[in-house]
Amino acid sequence: MEMIKFDASHVKDFIRPHELDQIKAQAETARETLIEGTGAGNDFLGWIDLPVAYDKEEYGRIKAAAEKIRRDSDVLVVIGIGGSYLGARAAIEFLKPNFYNQLPRTAVDAPEIYFAGNNISGAYLNDLVALIGDRDFSVNIISKSGTTTEPSIAFRVFKAKLEAKYGKAEAAKRIYATTDKARGALKTEANAEGYESFVIPDNIGGRFSVLTAVGLLPIAVSGADLDALMAGAAAMRAQIKTAPFEKNPAMQYAAIRNIFLNKGRKIEILANYEPALHNLSEWWKQLYGESEGKDGKGLYPASYDLSMDLHSLGQFVQDGSNLAFETVLNVEQPMSDVTIEADEQNLDGLNFLAGKNMDEVNKNAMMGTVLAHTDGKTPNLMIDIPARDENSLGQLFYFFEFAVGVSGYLLGVNPFNQPGVEAYKKNMFALLGKPGYEDQAEVLKKRLSE
Ligand code: PA5
């Protein structure tokens, strides 16, 4: 299998060799803490061996459920928020052609797949209901707790639509619940109503759950090869779990990010040159933002899509305050390509490109930008991805998960909790009049009226 490559050659002017030497021992310690399970958050390390130690019985049921959905549905609605949807969305967009939902079924060989329950917009739900119309559909509701506001509201809407269309008994056969193995509101409902259910393991947090049923069921419905995805993750695990620092791209990435943070860089920008990687960046932002942004510490994980954003944020990155460093995702082999034709009039002066493929232009834009941004005092790391395929994606998921574990321990935080996520929920519930929140409601309403 061709492996993804981490390339730090463009940060030589920003990091001296002795700085890497100095952090190396700390990175080794952080890695030991991670794989021996001796650090904070060690109840949530189930993802480390997941690519080789997953539940084979459930894995078979996931594939069978996906086949049923592919047979009996024109649309799959995936309901979840945060770690309960970002991985699946990233994977499907990475692996499928652009505009996959608009392409004819004969071209993509899969139902249309839409995501709901990741916002609180009634307009979004109305528009999605209208888009589905009278077509056959199924729902995958994904929630560990089963009580998260956004997905719970969306589930009420789509469950009602399913029951109105098919009747309660048939609707139940079109609802797939991915949730806790034994507890929680959704598990209780799944048991009572007879929904097929899949497990979010206790020892895997939402943002590390893409290779569990959370990600695997929607990804399988898209027609992707789950075996190749898991094999990619397993290959990366074999490469980085125990390799020494010098041969370990994930540890080097973790170390360099911490060196940059210590030097005053506050932001890491994940850059891509393929629109299909947009949601991989969204997944990465949650993984790094929730894992490291705590105790007043952490790099802010940002992202942009290039070359589009070179025409908006490019000015700032080239020439503005030196807040950030970039990590560039480079897809080596494009999924398809276009050869540029000569134009008789050549009014745009681009005939010098005639006969070249767009990927050659894209790669030259990328390398030109790496050099320009580096000259402009924004360091650039690169990750070379062989292709938009399952092997590469499995590697990438595991690479970033392992690196954030090492990086979080290097930073001195618990990479596996997310205490800050609760604050907005408490205020929202208080303002909406949820029983039990009366005192807080009074304080908040006073603050808002001042
Ligand atoms: O990473 C996390 O833990 C969160 O993003 C959760 O996945 C998200 O809040 C959804 O929670 P739940 O699965 O309980 O609905």
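Between Ala276, Ala255, which is at pLDDT 95 or above, under 14 Å from the mean Cα position of the chain (by Cα) and more than 20 Å from Phe208 (Cα to Cα)? One residue alone meets the criteria, Ala276. Each residue in the stretch 352-377 was checked for being modelled with pLDDT of 95 or more and part of a loop (DSSP other than H, G, I, E, B), and 3 of them qualify.
One residue alone among Val214, Val221 is surrounded by 22 or more Cβ atoms within 10 Å (Cβ to Cβ) and more than 16 Å from the ligand (Cβ to nearest atom), and that residue is Val221. Would you call Asn118 more than 16 Å from the ligand (Cβ to nearest atom), assigned to a loop (DSSP other than H, G, I, E, B) and either within 27 Å of Thr147 (Cα to Cα) or open to solvent by 50 Å² or more (accessible area, probe 1.4 Å) (or both)? Answer is no for this residue. Quick check on Thr29: is it touching an Asp or Glu at 6+ places or on another chain (Cβ under 9 Å), polar (S, T, N, Q) and surrounded by fewer than 16 Cβ atoms within 10 Å (Cβ to Cβ)? So Thr29 does not fit the description; no.
Listed here are the helices (runs of 4 or more DSSP H) enclosed by the stretch 211-297 that have at least 3 residues being over 15 Å from Ile92 (Cα atoms) and in contact with a Pro (Cβ under 8 Å, 6 or more places away or on another chain): 226-240, 278-292.
Against the conditions (1) closer than 29 Å to Asn427 by Cβ; (2) within 16 Å of the ligand (Cβ to nearest atom); (3) modelled with pLDDT of 95 or more; (4) open to solvent by 30 Å² or more (accessible area, probe 1.4 Å), Ala123 satisfies every one except (2). Scan the stretch 379-403 for residues that are open to solvent by 10 Å² or more (accessible area, probe 1.4 Å) and part of a loop (DSSP other than H, G, I, E, B) and jot them down. Correct list: Arg388, Asp389. Among the residues of the stretch 62-88, those that are surrounded by fewer than 24 Cβ atoms within 10 Å (Cβ to Cβ) and within 14 Å of the ligand (Cβ to nearest atom) comprise Ile81, Gly82.
Look at (1) open to solvent by 40 Å² or more (accessible area, probe 1.4 Å); (2) at pLDDT 95 or above and you find that Val413 fails only one, number (1). Pairing residues of the stretch 176-194 that are in a loop (DSSP other than H, G, I, E, B) with residues that are within 11 Å of the ligand (Cβ to nearest atom) and among the charged types (D, E, K, R), at Cβ distances under 8 Å and at least 6 apart in sequence or on separate chains, gives Asp180/Lys144; Gly184/Lys144. Residues in the stretch 187-200 that are over 22 Å from Asp72 (Cβ atoms) and more than 23 Å from the chain's Cα centre (by Cα) were compared, and the one that is surrounded by the fewest Cβ atoms within 10 Å (Cβ to Cβ) is Ala192. Selection over the stretch 164-193 of residues that are more than 14 Å from Asn140 (Cα to Cα) and more than 16 Å from the ligand (Cβ to nearest atom) gives a count of 10. With respect to (1) outside any strand (DSSP E or B); (2) within 21 Å of Phe6 (Cα to Cα), the lone exception for Gly349 is condition (2).
When the residues of the stretch 136-151 are narrowed to those that are open to solvent by less than 10 Å² (accessible area, probe 1.4 Å) and of a type outside the set (Gly, Ala, Ser), which ends up farthest from the ligand (Cβ to nearest atom)? Once the filter is applied, the top-ranked residue is Phe137. Of all residues assigned to the stretch 318-336, at least one qualifies as being touching a residue at least 12 places away in the same chain (Cβ under 8 Å), part of a helix (DSSP H, G or I) and farther than 29 Å from Gly408 by Cα. List every residue pair whose Cβ atoms lie under 8 Å apart, where the two residues are 6 or more positions apart in sequence or sit on different chains, the first residue falls within the stretch 342-361 and is over 26 Å from Asn330 (Cα atoms), and the second residue, located anywhere, is surrounded by 14 or more Cβ atoms within 10 Å (Cβ to Cβ). As it stands, the answer is Ala342/Asn351; Asp343/Asn351, since those pairs meet every condition given. When Phe245, Phe158, Phe260, Phe208 are checked against the criterion of being within 13 Å of the ligand (Cβ to nearest atom), in contact (Cβ under 8 Å) with a residue 24 or more places away in the chain, aromatic (Phe, Trp, Tyr) and surrounded by 16 or more Cβ atoms within 10 Å (Cβ to Cβ), Phe208 stands alone in meeting it. Comparison of Leu306, Leu280, Leu287, Leu270 shows that the only residue that is touching a Ser or Thr at 6+ places or on another chain (Cβ under 6 Å) and open to solvent by less than 50 Å² (accessible area, probe 1.4 Å) is Leu270. Within the stretch 263-294, track down each residue that is within 24 Å of Gln418 (Cβ to Cβ), away from the ligand (no atom under 16 Å from the Cβ) and basic (Lys, Arg). Listed by number, the residues that qualify are Arg265, Lys266.
The values are calculated or read from the model by the stated rules, or taken from the named source; none is laboratory data. In this text, all values refer to a predicted model and were calculated from it rather than measured experimentally. Heads up, the Cβs are rebuilt from the backbone with ideal geometry, glycines too, and the neighbour counts pull from every protein chain shown. Just the protein is used for accessible areas: all its heavy atoms, side chains included, with ligands, DNA and RNA removed. Shrake-Rupley method; radii C 1.70, N 1.55, O 1.52, S 1.80 Å.
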